[in-house]
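Please read the structure below before turning to the comments.
Nothing in this text is a laboratory measurement; each read-out follows from the coordinates by a stated rule. Small disclaimer: the values here were computed from a predicted structure and weren't measured. Neighbour counts are summed over all protein chains in view; Cβ atoms, including those assigned to glycine, are modelled from backbone coordinates with ideal geometry.
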């Protein structure tokens with residue numbers, strides 16, 4: 001028998017209203033493959049709201065990152081700078097092309113790529129810099145872009161957490177030549193599994209369409225630009241089904257409502273736990289004043305790894321699921337093949353042992369959140 005589900009899960013997907021109706025419309029049309037009505041609607045909405053040159057919805061953020069690696073024509077021996085504190089896809093997408101990940105430590109405040117270490121990691125083989133906007137709080141993009149431009153290195157934003165967050169008033173995902181989005185079940189806006197490639201540098205648009213369509217110029221054919229389409233480049237099947245796109249479009253239409261609700265949940269945690277955190281040596285999330293969070297998650301840094309273990313068990317006993325996050329990539333079984341050693345990224349190694357994420361989802365009611373808050377307030381660090 002499977003273990004019983006917690007009364008309060010870490011994440012719970014929810015409908016915004018027309019998802020099932022849009023899926024029915026997609027089915028009724030008889031066209032549920034990719035690049036149909038709802039896929040195009042999602043792309044247009046992202047392009048119009050964010051002001052990007054092109055948005056292409058994909059089967060996952062992982063696949064959007066793989067497309068970025070293909071677009072940059074990475075070769076064995078090339079190097080890509082990524083934070084050590086991130087999901088494996090951030091590195092894997094480039095390793096699949098033969099590139100070597102160069103792991104950077106993160107800042108102790110925002111847990112984003114430490115821009116002060118960036119220049120020291122660049123070599124003549126560096127072909128991309130991939131900042132991750134952790135928890136939907138912007139990296140220090142001014143410095144990252146200045147360093148990247150000085151060395152002629154493209155920036156690919158892994159914006160899986162950061163859709164509709166801002167850095168100095170500008171949307172996250174609009175700084176790099178390319179950016180990727182996630183619509184995974186755990187994200188603010190979801191279709192279960194899905195993603196998008198945002199193309200800010202117009203030079204990549206046509207080739208991105210080809211790569212996404214199995215290496216064919218099918219998009220040009222449907223626009224009437226060629227009289228037939230054929231295999232013209234590398235590629236794979238990165239096109240999302242219109243059934244999933246129908247679900248996604250309903251969520252994207254409600255993006256302002258979703259973001260406002262998540263802001264309320266985040267700020268309620270932040271206010272209610274402030275005194276407790278101070279008394280127990282627990283650090284709350286830090287959002288610099290020039291950043292506007294995407295309100296993706298609410299995390300805490302416990303004083304020690306042992307405190308975190310006790311904290312998880314404390315909440316579990318009250319039927320509340322809280323979870324840790326990334327393990328250091330440079331020390332992972334596969335990541336260590338690239339030369340990672342203990343002590344290379346001390347901030348990552350420290351915080352990954354102490355970080356915990358509280359339940360956080362769009363439909364979380366105040367009553368449910370109060371139960372989480374009350375349970376947290378009864379926990380004490382030695």
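With runs of 4+ DSSP H residues as the only contributors, calculate the mean residue ellipticity of the chain at 222 nm using -39,500 (n - 2.57) per run, divided by the residue total and rounded to the nearest 500. Counting only the DSSP helices, I get -10500 deg cm²/dmol.
Label-to-label distance for residue 306 and residue 334 is 3.5 nm, based on points extended 7 Å past Cα in the beta-carbon direction. Give me the angle, in degrees from 0 to 90, between the Cα long axis of helix 61-71 and the longest principal axis of the Cα atoms of the chain, rounded to the nearest 10. With rounding to tens, the tilt is 50 degrees. Net length available on complete extension from residue 37 to residue 201 is 56.5 nm, with 0.36 nm assigned per residue and the Cα-Cα distance removed. Given their separation in residues at 0.36 nm each and the Cα-Cα distance between them, residue 168 and residue 256 gain 29.8 nm when the chain is fully extended. For the range 1-114, the extents of the C-alpha atoms along the principal axes are 49, 42, 33 Å, listed from largest to smallest. Can you compute the FRET efficiency between residue 119 and residue 73 using 1/(1 + (r/R0)^6), with r the Cβ-Cβ distance and R0 = 25 Å? Round to the nearest 0.05. Efficiency, from the Cβ-Cβ distance: 0.55.
With the simple model of a label 7 Å out from the Cα in the direction of the Cβ, residue 25 to residue 374 spans 4.3 nm. Using Cα-only point scatterers and the Debye equation, what is log10 of I(q)/I(0) for the range 87-162 at each q in 0.18, 0.26 Å⁻¹, rounded to two decimals? So the normalised log intensities work out to -0.70, -1.45.
Would you mind classifying the range 284-382 by shape? Square roots of the alpha carbon gyration tensor eigenvalues, ordered a ≥ b ≥ c; an a/c under 1.5 is rounded, otherwise it is prolate if a/b is larger than b/c and oblate if not. Taking the square roots of the gyration eigenvalues as a ≥ b ≥ c, the range 284-382 is prolate.
When only Cα pairs below 8 angstrom with a gap of at least 6 residues are kept, the chain shows a relative contact order of 23 percent.
Extending 7 Å from Cα along the Cβ direction at residue 366 and again at residue 214 yields two label points whose distance is 5.4 nm. Here the Gaussian network model covers the chain, with springs between Cα atoms less than 10 Å apart; of 206, 157, 185, 206 fluctuates the most.
Separation of the range 277-316 and the range 355-378, taken as the distance between their Cα centroids, equals 12 angstrom. Just checking the listed ones, 56, 71, 178: in the Gaussian network model of the chain with Cα springs under 10 Å, the one fluctuating most is 71. Placing a label point 7 Å from the Cα of residue 286 along the Cα-to-Cβ direction, the residues of the range 99-138 whose backbone N falls under 18 Å from that point are 105-118, 132-138. Connecting C-alpha atoms closer than 10 Å in a GNM of the chain, tell me which of 41, 337, 262 has the biggest fluctuation. Among 41, 337, 262, the largest mean-square fluctuation in the Gaussian network model of the chain belongs to 337. In the chain, the DSSP beta bridges split such that about 60 percent are antiparallel, to the nearest 5. The range 320-340 and the range 187-205 have Cα centres lying 25 Å from one another. Expressed as a whole percent, the proportion of Cα-Cα pairs in the chain lying more than 41 Å apart is 13%. Summary of the geometry: the range 54-103 and the range 234-262, compared by the centres of their Cα atoms, lie 22 Å apart.
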